[in-house]
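Working notes for the structure below.
The values are calculated or read from the model by the stated rules, or taken from the named source; none is laboratory data. Being a predicted model, the structure only gives us computed values, none of them experimental. Here the Cβ positions follow ideal geometry from the backbone for every residue, glycine too, while neighbour counts run over all protein chains shown. The accessibility values were calculated without ligands, DNA or RNA, using every heavy atom of the protein model including side chains. Shrake-Rupley method; radii C 1.70, N 1.55, O 1.52, S 1.80 Å.
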Amino acid sequence: MNQVTLIIKIHLRNSFLYAKICRDHHKSRSKDSRSEKSVTINTPPAEPLLGDSAVRSEQLQDDNWGETTTAVTGTSEHSLSQEDIVRITKDLEDSVGLNCRRYFTLTLAVILGLLVFLTPLAFLVLPHLLWPEKLQSCGTACEGLFISVAFKLLILLLAVWALFFRPPRAGLPRVFVFRALLAVLVLLFVVSYWLFYGVRILDTQDDNYQGIVQYAVSLVDALLFIHYLAIVLLELRQLQPCFSVCVTRSTDGETRHYNLGQLSIQRAALAILEHYYCDFPVHNPALLSASKSRAAKHLAGLKVYNVDGMAHSQSRAMIAAAARRRDTSHNELYYEEAEHERRVRKRRARLVVAVEEAFTHIKRMQEEEQKKAPGDVMDPREAAQAIFPSMARALQKYLRTTKQQHCHSMESIQQHLAFCITNNMTPKAFLESYLTPGPTLQYSRDHWLARQWTLISEASVTSGLKDGTIFLLKCVDFSLVVISKKIPYIQMSEEYIDPKSHKFVLRLQSETSV
């Protein structure tokens with residue numbers, strides 16, 4: 001009997017071990033199969049990931065910094081699919097292509113500039129190198145032309161540097177037509193001068209050196225006139241407003257209007273983006289998610305029934321109940337918005353009081369610290385860290401209520417507080433950045449900087465703006481819809497009024513008190 005029991009125990013233990021081995025093997029296979037579908041990449045929080053700054057900042061920032069007043073740093077894990085990896089690789093390839101094109105354009109510009117500036121000098125030096133014994137002596141007029149060439153080349157060098165060799169503001173999808181035409185014109189002009197110089201001077205070995213110097217002076221004068229033409233085409237032509245463009249953000253409908261001159265579509269898009277970062281408030285996807293959740297909640301309460309499968313009276317009753325629920329949804333929205341406004345006003349009042357009290361403490365500390373030893377005096381950074389905990393909770397609640405918690409980190413708030421203390425700014429000046437949504441550039445670059453904008457237009461992007469032109473500027477989270485309208489022609493007339501015609505008569509009536 002004992003042997004049988006021992007055999008049964010051994011058999012059960014072996015079967016248990018076999019089942020455990022099978023389970024472990026199945027888990028390892030399932031884990032391997034899952035690892036083939038997704039890849040986990042560890043990236044530091046400072047590196048942008050697909051330009052989605054809003055979602056990234058919500059994941060990295062601790063929402064309880066007002067209660068704990070501690071900062072947590074490190075790396076975050078993002079689980080990406082194979083499609084995301086392919087999209088990241090494509091973006092990297094596009095950025096490499098843009099950098100190559102930019103450096104290629106800069107190289108061509110430098111080569112053309114060297115050709116332009118070395119050509120007049122070559123015209124003056126080559127006769128002395130090739131046939132110096134045949135040249136006539138250079139008189140006073142010829143030596144004066146040397147001074148003229150030197151100063152004109154110096155002026156041309158400074159003018160070209162100021163107009164063309166400026167830091168690029170953006171990478172455009174197509175070439176700038178006027179700039180390309182000017183480059184081709186300069187190249188043809190210099191080549192024509194070289195051909196004439198080779199045929200009429202080099203082949204014949206002309207001995208009139210003063211004529212050669214005048215030929216070089218004429219080249220420099222022509223280059224100065226071409227530079228004046230470049231100023232007119234590139235800078236002055238677009239100054240007069242010709243179009244009024246309406247820019248609308250697709251997500252929240254924020255709209256601005258701007259006046260633009262004679263610009264191509266791609267350069268108009270660049271001007272609009274420059275205005276966007278200064279004029280538009282920062283894009284806040286948290287406000288949009290609140291409205292979407294409310295709409296989803298309303299749609300979840302509506303049910304669709306199969307009318308053919310139930311009695312006619314019962315179906316009519318359910319449809320009427322659904323209609324009544326839909327009719328009362330505006331009341332729910334009204335009371336929800338009223339409650340939200342009440343909470344915002346309440347949080348705002350608490351925040352204002354907390355900040356004013358905190359600034360009162362720091363003022364009192366400054367007056368007392370002046371009488372103490374220099375080693376006990378705090379710098380603005382230490383003072384900001386000392387008074388920040390007293391206002392952190394109220395500020396955190398207000399930012400959460402207004403859906404701004406992802407736009408302001410604890411470190412940025414402390415830096416702004418130290419800046420206000422350093423410059424003796426009031427509590428109202430400190431709170432202005434949080435009570436009133438500011439322009440996009442006011443916030444950290446991680447919250448607004450788009451890695452790449454895409455210009456979508458039915459017309460060619462190198463064509464000029466016209467009345468009714470519509471194009472889109474698209475980034476990861478939203479797009480800007482641009483509509484252009486031509487400024488109408490205004491006809492004004494003059495009407496002369498003789499100053500002597502301003503004569504008046506006092507009319508008295510019997511009912512008046514006069």
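For the range 467-514, filtering for residues that are at pLDDT below 85, loosely packed, with under 10 Cβ neighbours inside 10 Å and assigned by the TED database to the domain that holds Trp453 leaves 0. On the stretch given as the range 123-140, residues that are small (Gly, Ala, Ser) and open to solvent by 60 Å² or more (accessible area, probe 1.4 Å) total 1. Residues that are without any contact (Cβ under 8 Å) to a residue 60 or more places away in the chain and under 26 Å from the mean Cα position of the chain (by Cα) were ranked within the range 421-433; the one that is surrounded by the most Cβ atoms within 10 Å (Cβ to Cβ) is Ser433.
Does the range 487-505 include one or more residues that are within 23 Å of Gln240 (Cα to Cα) and touching a residue at least 12 places away in the same chain (Cβ under 8 Å)? Yes, the conditions are met somewhere in the range 487-505.
Scanning the range 204-241 for residues that are without any contact (Cβ under 8 Å) to a residue 40 or more places away in the chain and either part of a helix (DSSP H, G or I) or of a type in the set (Gly, Ala, Ser) (or both) returns Gly211, Ser218, Ala222, Phe225, Tyr228, Val232, Leu236.
Exactly one residue out of Phe196, Phe243 is farther than 21 Å from Phe117 by Cβ and among the aromatic types (Phe, Trp, Tyr), and it is Phe243. The residue list Leu229, Leu273, Leu188 contains one member that is at pLDDT 90 or above and surrounded by 16 or more Cβ atoms within 10 Å (Cβ to Cβ), which is Leu273.
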